[in-house]
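Right, one structure below, let's go through it.
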Amino acid sequence: MNSRVLSAELTMNAVKTRQKIANLLEEDPQKAKELALELLSVEPEETVNYKNLAICFAHCAEMGRFRAVIAMARKKFADAGRFFDETEASIFRDLELHDSLRTFLLGILCAPDRNDDEKSALLRTHSDIFLNDAMCQEIDRIQTSNHKDSWVIAELMFMLFNHNAEEYRLVIKRLLTEFDGDQTLDERGKFNLATVCLHFSQGARGITLLNELTSRPDPEPKRLLELGKAYHRYVRNKEALQVLDRLLGCYPDHEEANRIKAYILHYSDTAELPEIKATTLRYGKIIRSGKSKQFHRKNPTNEPVKIGFFSHSFKAHPVGWMSSGFFCESAKFKSVAEIHILAGLSYTDFIAQTIKDSGNHFHDFSALADNEIEREINKLNLDVIVDMDGFTAGCKPQILLKKLAPVLVKWVGGLAGSMWLPEYDYLITDRNQTPAHLESSFSEKLLIMDNSYVTYTPPPYKLQVFKPAYTVNEHITFGCFNNCSKYTDTCLDAWASVLRGVEDSVLLLKDNALSDMSTRQIIRGKFKKLGIGPSQLRFQGRTDHENHLLALAQVDIALDPIPYNGGLSTVESVYMGVPVITLAGSLLAHRHAVSHLTTIGHDELVANSIPEYIDKAIGLATNREQITEYREILRNDLFASPLLNHELFADELIKKLATLVN
């Protein structure tokens, strides 16, 4: 066939020829290149033919010719720059030439002749590859090459956030503070910006964006979910539950919405137990898949029982501070039990390292998918699994509900109340946390510890107990260092009554969320309605843990939130010599502090009604000698209590767990 006939055939069947070129790329790139060259010769005005030829050259590793074709096409088709930008980037991506792709994208992002829309579109398409540590060093160059309110800057913030939010915290905060282009973004851009805002102390801004995105009748479920979580984090629990109910009204089987609602109902001052139970059972029905394993109870033997402790929080977190001492001592009881620590995520801080080095079997599941975790746990042939996540973020109850051991037990970690799911056999508690008259609030059998349901590991840094704050300030300072999500209307009303009852007193509130000025303003507004002015309120935001504890020196009396008690925060207050006034509630999560204060011998700080709570706080504020005495004795009382007797606790808990099997 002569060339003229071939050219005519190629032109008539251009679409088929292009498809043939695509099909030949992998098995015969040279043949594909020949066809692409021929097609370009007969259709030199079709931009797609230059693209196909460039792809063929790249697949034949002829990178010089690949670049030459792209350059020629850019010159010939001056108005098709975006098309060839996308072509060049996609070729680098398809051939996994990631460094070349990053260099190319960096050039585009810094080019003055590319508009914001073109840059951000490319950045979004390849955001999963673009940002590595080397490119992060080019942030200043990208910033100076683009307007501070451009889509590129917005996309860059989100990429940095996903890449390593902690390492680039200061950079993200700077970009976020300078960025004023919220309303110029498309919906995806607004959602991403809201995500960054909510994690970088701009809660009101993030909530405003999410409210805008969810204002239409059929918002995306993900956006409603994030709005609900944001409300919960930023002192608006009622709104959080309303948003979740709106989401569940449209999508009743939405897994994450059911999980979050089941958990944060425990924070509510109006939620009833039947609603908590119903929501939890619905969540369990959604996540339950397949049949649970069937076990034949093993006969009593002399072999140590195998106990696995599963959590995503073996770190400097309430789970870690309240369990690391147990793990260190549990290695002494190898004749009774073989302990396996099943870590959903792995960390490197002091507590994490303490647990890893405790002498038990440590399993790092951080890189495994759910089915792989299930397989690894099955290999261990465990007798008991202890859940230390509950329904907290990142939990994996769908794995535990498969009953990978004959006995499933709930312990510290999202320990808000009963799990209500029939797969859970036991729950670890103590009589102060769960008195006999509240046992009907659980579906599990209760494993009642003789003293406390946990122990506490003090921090590695040596911190002195300072004199009471009133000796410096000449007024009483109340304080609460719990999460803002625990501030209910009932709680704030009680605190306002306390402040009104103690002349010149102030309330110091400290939480990461209070780094956000808008959150402080929300709280000031709530207190203003209760007759408390801004002069009686103090706020502190995010600090490292050591300085968090040192800040307790500024507090004379800690006020526990209502109804969700402080757990670790109560013990840390006591460690720093600060008495905590708490209210004993009816749910397990409403009695954490009751357990801790009673265990150290100070149940006089526990109130059984809100009027008693207010009276105890006011009464102690007028007894400065007692405040001073607490400062002097509380740490010693803590150290002398069962909360620091890790060996006694480990002995009891391990033997109780072993008895469940044998």
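Values quoted throughout were computed directly from the atomic coordinates according to the rules given, and no laboratory measurement underlies them. In this text, all values refer to a predicted model and were calculated from it rather than measured experimentally. Positions of Cβ are backbone-derived with ideal geometry, glycine not excepted, and every protein chain shown enters the neighbour counts.
With +1 on each Lys and Arg Cβ and -1 on each Asp and Glu Cβ, and nothing else charged, work out how big the dipole of the chain is about its Cα centre, in Debye to the nearest 20. Kindly include the intermediate steps, with their values, before the conclusion.
Numbers: 76 positive and 88 negative charges, 136 e Å.
For the chain, the charge dipole is close to 660 debye.
Please list, by residue number, everything in segment 115-131 whose backbone N is under 19 Å from a paramagnetic label point 7 Å out along Cα→Cβ of Lys222. Residues passing the 19 Å test: 120-131. For Ser366 and Glu86, what is the calculated FRET efficiency with R₀ set at 35 Å and r taken between the beta-carbons, to the nearest 0.05? That gives a FRET efficiency of 0.45.
Maximal additional length on extending the Gln398-Arg282 stretch stands at 40.5 nm, based on 0.36 nm per residue less the C-alpha distance.
Between Thr659 and Asn636, the contour length at 0.36 nm per residue exceeds the Cα-Cα span by 4.9 nm. One decimal place: the segment Gln464-Ile448 gains 2.3 nm when fully extended, by the rule 0.36 nm per residue minus the C-alpha distance.
Note on percent of Cα pairs over 33 Å apart: of the candidates (1) 58; (2) 47; (3) 61, the value calculated from this structure sits at (1).
Compute the relative contact order of the chain as a whole-number percentage, counting only Cα pairs closer than 8 Å that sit 6 or more residues apart in sequence. Write down the numbers at each step before the final one.
Working: 1065 pairs, mean separation 65.2, N = 662.
Here the relative contact order equals 10 percent.
Annotation: amide H of Thr488 within the under-5 Å range of Ile562, sequence separation 5 or more or interchain, hydrogens built in the peptide plane. Distance between the modelled labels on Glu166 and Ala68, one decimal in nanometres: 5.1 nm (7 Å Cα→Cβ projection).
Label zone (Arg624, point 7 Å along Cα-to-C-beta; backbone nitrogen cut-off 19 Å) within segment 566-587: 578-579.
Can you compute the helix-only [θ] at 222 nm over the chain? Use -39500 (n - 2.57) per DSSP H run of at least 4 residues, normalise by all residues, nearest 500 deg cm²/dmol. Computed mean residue ellipticity for the chain: -15500 deg cm²/dmol.
Each peptide in 64-74, 376-386 gets a packing score, the mean of other Cβ atoms within 10 Å over its residues, and the list from highest to lowest is 376-386, 64-74. Close amide H partners of Lys410, meaning residues 5 or more places away or on another chain with modelled amide H under 5 Å apart, are Asp387, Tyr426, Leu427, Ile428.
Filter the chymotrypsin sites (Phe, Trp or Tyr not before Pro) in segment 404-451 down to the DSSP loop ones having no more than 11 other Cβ atoms within 10 Å, then list what survives. Passing sites in segment 404-451 do not exist. Say R0 is 35 Å: what FRET efficiency, to the nearest 0.05, do Asp117 and Leu550 get from their beta-carbon distance? The calculated FRET efficiency here is 0.10.
Just flag the GluC sites (Glu not before Pro) in segment 83-127 sitting in loop per DSSP whose Cβ has no more than 15 other Cβ atoms within 10 Å.
Glu96
If every alpha-carbon in segment 126-230 counts as one equal scatterer, what log10 I(q)/I(0) does Debye give at q = 0.15, 0.19, 0.23 1/Å? Here the Debye-derived log intensity ratios amount to -0.60, -0.93, -1.28. Legend: P(r) of segment 317-373 from all alpha carbon pair distances, 10 Å bins from 0, whole percents, reading 23, 50, 25, 1. Qualifying GluC sites (Glu not before Pro) in segment 231-278, where qualification requires a DSSP coil assignment and no more than 13 other C-beta atoms within 10 Å, comprise Glu272.
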